[in-house]
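Every read-out reported here was derived from the displayed coordinates using simple, explicitly stated rules and does not represent laboratory data. Here the structure is a predicted model, which is why all the values come from computation and not from measurement. Because the Cβ atoms are built from the backbone with ideal geometry, glycine has one as well, and the counts that use them run over all protein chains shown.
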Amino acid sequence: MRYLPNKRDALQAHMHKVHKLGNAQTDTGYYTYYQNLLKNESAHSNISNAFWSMPGISHKEKETVIKYRSGTIYNQKHAVRFKQSNSLSCPICSSQDSALHILSGCQHPIIRNMVTERHNIAGRLITKAISKGSLGSCFVSTDVGSADKHRMQDLQIPVTAESRVPPALIFAINHNQRDRLTSRPDAILVTPKKTRNINSQNQQNHPNDQGLTLRSGRRVVLGGGQGPSAAATAAGGRPPTSATAYQPRQTRPQNLPWQRRTTHLIEIKYCEDTRPEQQLQAAHAQHSSLRRSIAGDHVLHVILLGVGGVIYIPHTLEPLKSLGLDSQRAKSLALKLHAHSVHYAHKLVQTRRSLEHSPHFQTNQERFAGLSARNPPDPH
């Protein structure tokens, strides 16, 4: 036992003397980047670091996340620095190597399939949570894997969203057919457009107005409704699990005229933990042409997830809340997405090691020479 007068300077001096671990540098790029995330309130610190105490996360997985966040995942940059190689290229795809490349940018077919599956599993978790919220009956399209993949997670594609291609009903009459086939968001919802507040006197003056005034005073117009249950569902009330099965066709938001509905596009992206802005801009650019072809009001919800498990407040939690999840459900979903990112970070590193040390592995320099080295790639 040793007495320490404080848990900062004294502990630091003791740890450095005994284990050479105390004098850690706090002016490095990695430390500064993560501190800026917390100072700017961009990352949710509790959820982003929940892997330390979450059940089901192994010690090796925790080790992988810490190595990524501290820049010590072994890659070709380290190999060159340690005189073990003279090439900065990834040994299995010939693109420039880095920790981010390993977790999200490698072009080897096996790694690319894993990156795509990581994205789709996260997408299915998100669509499942939304389907249980106030907008559950508003799905018109999902593109996060096949029905078989949904069943593997004990999920079911919403009845109104079985098509993976954006439906024709959201487009203007003179839209470009190519936009519908090439630009596919991860999910599309159609909701009744929010209208200005209408008091009870106006409601009495318009008995045929199929709408609902919420407790907040917000008025939602449905048009052609045939029952208060369906109206409450489309207006934002929590629907039953099988809402889409019995909801009258006339009251479904997707059957409203384009002047009275809002189209919501959901795009999920994995990004570098400390610099999410690049993927945020990429998501907006990816669907810019599609958005110009949509009839009426529309909103793009970009949900960003850090490859090292970082969960963002403005780019993860806030978009989830805007899609009908309350604060508790949004945080619960974020914890699942955080654990999912941690699991896949370790899987990707282990797969990379297996591929580069496999006795049957052959360098594919020519095969991958023309592929993009962007980080991370778009799984679509």
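If I take every Cα pair under 8 Å that is 6 or more residues apart in the range 59-101, average their sequence separation and divide by the length, what percent do I get for the relative contact order?
Averaging sequence separation for qualifying contacts and normalising by length gives 33 percent for the range 59-101.
Amide H to amide H, which residues 5 or more places from GLN96 or on other chains are under 5 Å from it, using H placed in the peptide plane?
Close amide H contacts, sequence-distant or interchain: CYS90.
Express the Stokes-Einstein translational diffusion coefficient of the range 98-202 in µm² s⁻¹, to the nearest whole number, given a Kirkwood radius over alpha-carbon pairs, 25 °C and a viscosity of 0.890 mPa s.
Estimated diffusion coefficient is 152 µm²/s.
Arranged from highest to lowest average of other beta-carbon atoms within 10 Å per residue, in what order do the peptides 303-310, 171-178, 343-350, 324-331 appear?
So the order, starting with the most tightly packed, is 303-310, 343-350, 324-331, 171-178.
Quick query: amide H of VAL299 versus all other amide H atoms, modeled in the peptide plane; which residues come in under 5 Å with a sequence gap of 5 or more or a different chain?
Those qualifying (amide H under 5 Å, at least 5 residues apart or on another chain) are THR263, HIS264, LEU265.
Could you work out how far the C-alpha centroid of the range 135-152 sits from that of the range 299-317, in angstrom?
Using only Cα atoms, the two centres lie 20 Å from each other.
Could you list ASP97, ASP9, ASP297 so that the one with the fewest beta carbons within 10 Å of its beta carbon is first and the one with the most is last?
Going from least to most buried by this count: ASP9, ASP297, ASP97.
Considering amide H positions built from the backbone, and no H for Pro or chain starts, which residues 5 or more places from ILE268, or on another chain, come under 5 Å of its amide H?
Here the answer is ASP186, ILE303, since their amide H atoms fall under 5 Å of that of ILE268.
Which is farthest toward the positive dipole end of the range 254-296 among TYR270, ALA295, ALA285, measuring Cα position about the Cα centre, with Cβ charges +1 (Lys, Arg) and -1 (Asp, Glu)?
Going by the charge dipole, the pick is ALA295.
With label points built 7 Å along Cα→Cβ from the Cα atoms of PHE82 and SER354, find their separation and express it in nm.
According to this spin-label approximation, the distance is 2.2 nm.
Please go through the residue pairs LYS39/LYS331; LYS60/LYS128; LYS39/LYS60; LYS7/LYS77; LYS132/LYS347; LYS149/LYS269 and name each one whose alpha carbons sit more than 27 Å apart in this structure.
From LYS39/LYS331; LYS60/LYS128; LYS39/LYS60; LYS7/LYS77; LYS132/LYS347; LYS149/LYS269, over 27 Å: LYS60/LYS128; LYS39/LYS60; LYS7/LYS77; LYS132/LYS347.
Quick one: TYR34, TYR270, fewest Cβ neighbours within 10 Å first, how do they rank?
Starting with the residue having the fewest Cβ neighbours, the order is TYR34, TYR270.
Can you tell me the dipole magnitude for the range 267-315 around its Cα centre, using point charges on the Cβ only (Lys, Arg +1; Asp, Glu -1), in Debye to the nearest 20?
Here the size comes out at about 140 debye.
When GLU117, GLU277 are ordered from fewest to most other Cβ atoms inside 10 Å of their Cβ, what list results?
GLU277, GLU117
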